[in-house]
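First comes the structure, then the notes that go with it.
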Amino acid sequence: MKYNFDEYVERRGTYSMKWDAGEMIQRMGLTKTFDENTIPIFTADMDFPCPQPVIDALHKVVDQRIFGYTSQSALPDYNNAIIRWFRDRHQWEIDPEWISYVDGTVTGVNVAIRAFSEPGDGVLITRPIYGPFTSAIVGNGRRVVNSQLLEKDGYYTMDFADIEAKAKDPSVKIFILCSPHNPSGRVWTKEELQTLADICQRNDVVLVSDEVHCDLIRRGNKHYPVAAVADNQNIVMLTALNKTFNTAGLKCSNAIIANPDLRARYKKALGFKTASPFTIAALVAAYTQGDEWLEQIIDYIDGNIDWAIDFLHTHMPKVKCRRPEGTYVLWMDFRDYGLTPEEIHEKIYEKANVLLEGGKMFDPDQGAGYERVCLSSPRPLLEEAFTRIAREFEGL
């Protein structure tokens, strides 16, 4: 079927984190203003309806009328759907024994930290990076070890010499990879992934790879699961239905671990987890019938990204940004305006009444002056948001 992604679906009054949680957002200090005119485009979910096969599958669960205890391992459908998806779309063969259900990717990262390190140990990350990685490290009493990404004209690469030097420290137990990278949108090459995996293997560092954006890749680019192109015996892969099919509220993530010892340690730290009947039905439907929807959404998001970059070049030429190779986020550098981060924030969040995500959330030391926007909304909504922002920077 043909989907209309320009359709605006009212999400207020639906328990939406970005559309309904104004008081929480204000308490967090993200903005002073949150009202009926606020346009929130900061949270990494989509404002598009899910694929029709997923909606139909959820209706069947409701029609069954019983929502008792479930187990995704009770029938082979769940694992088989995952295996089929990654085999057909990413040329990666997964053994069903490798799969463990997790109720969220951030949960999966926290579990890995507890499973493979002790309080006080170091966990390597590469900033700028998804903020909850830092929160997970600190919240579990571990030590953040940062290897700053190298940047040239908005293009980010890993500093492998620095990573290796830090991985040699015996107190560093884990490397957390974001692949594709959030917030820059880099899709790491096969060679980059193999180099990183080799460094981790040589230094007995567990590589935890968050690959939740792996299906949202620009045309002409290719995502490689790190466990498919490197020795997978020290790798924990975290995958999710959430970003691909806009099902974050269903809490459907999976840890895929080939090494039986690592898998046992991970499951011990994870404890007993079981998916809801809605989660199971959604995953099976999405991974077996969601290809058509995904192909259309990739084209639409590609169009959103191209529109946003063209708009910035035309109306806000001092904003630097590079077309991301994957994800639906755009990493924007406002520093050439010569304003303080507070002044940038005031113009966007308070005067334009548009909510983005400030760069310091991704890099406390070097992120000031950057903003991340999620371009996973109908284009008319993005046009209104960007027009408001541009108005505040006119003449500067």
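Which number in (1) farther than 20 Å from Phe245 by Cα; (2) of a type in the set (Ser, Thr, Tyr); (3) buried (at least 20 other Cβ atoms within 10 Å of the Cβ) marks the one condition that Ser71 misses?
(3)
Please work out if Ser171 is buried (at least 22 other Cβ atoms within 10 Å of the Cβ) and small (Gly, Ala, Ser).
no
I need the helices (runs of 4 or more DSSP H) fully contained in segment 26-143, keeping only those with at least 3 residues that are touching a helix residue (DSSP H, G or I) at 6+ places or on another chain (Cβ under 6 Å) and over 27 Å from Val9 (Cβ atoms).
The helices (runs of 4 or more DSSP H) meeting that bar are 77-90, 105-116.
Which condition number does Val212 fail, the rest of (1) part of a helix (DSSP H, G or I); (2) under 24 Å from Asn110 (Cα atoms) being met?
(1)
Scan segment 118-158 residue by residue and report those that are under 15 Å from Cys178 (Cα atoms) and charged (D, E, K, R).
Arg127, the sole residue that qualifies.
For segment 333-359, which positions are within 17 Å of the chain's Cα centre (by Cα) and either surrounded by fewer than 20 Cβ atoms within 10 Å (Cβ to Cβ) or not in a helix (DSSP H, G or I) (or both)?
Leu356, Glu357, Gly358
Among the candidates Asn259, Asn221, Asn234, Asn203, which residue alone is among the polar types (S, T, N, Q), within 18 Å of the chain's Cα centre (by Cα) and assigned by TED's automatic domain parsing to the domain that holds Trp92?
Asn221
The values are calculated or read from the model by the stated rules, or taken from the named source; none is laboratory data. From a predicted model like this one, the values you see are computed outputs, not experimental measurements. Every residue, glycine as well, gets a Cβ built from its backbone with ideal geometry; the counts of neighbours run over all protein chains shown.
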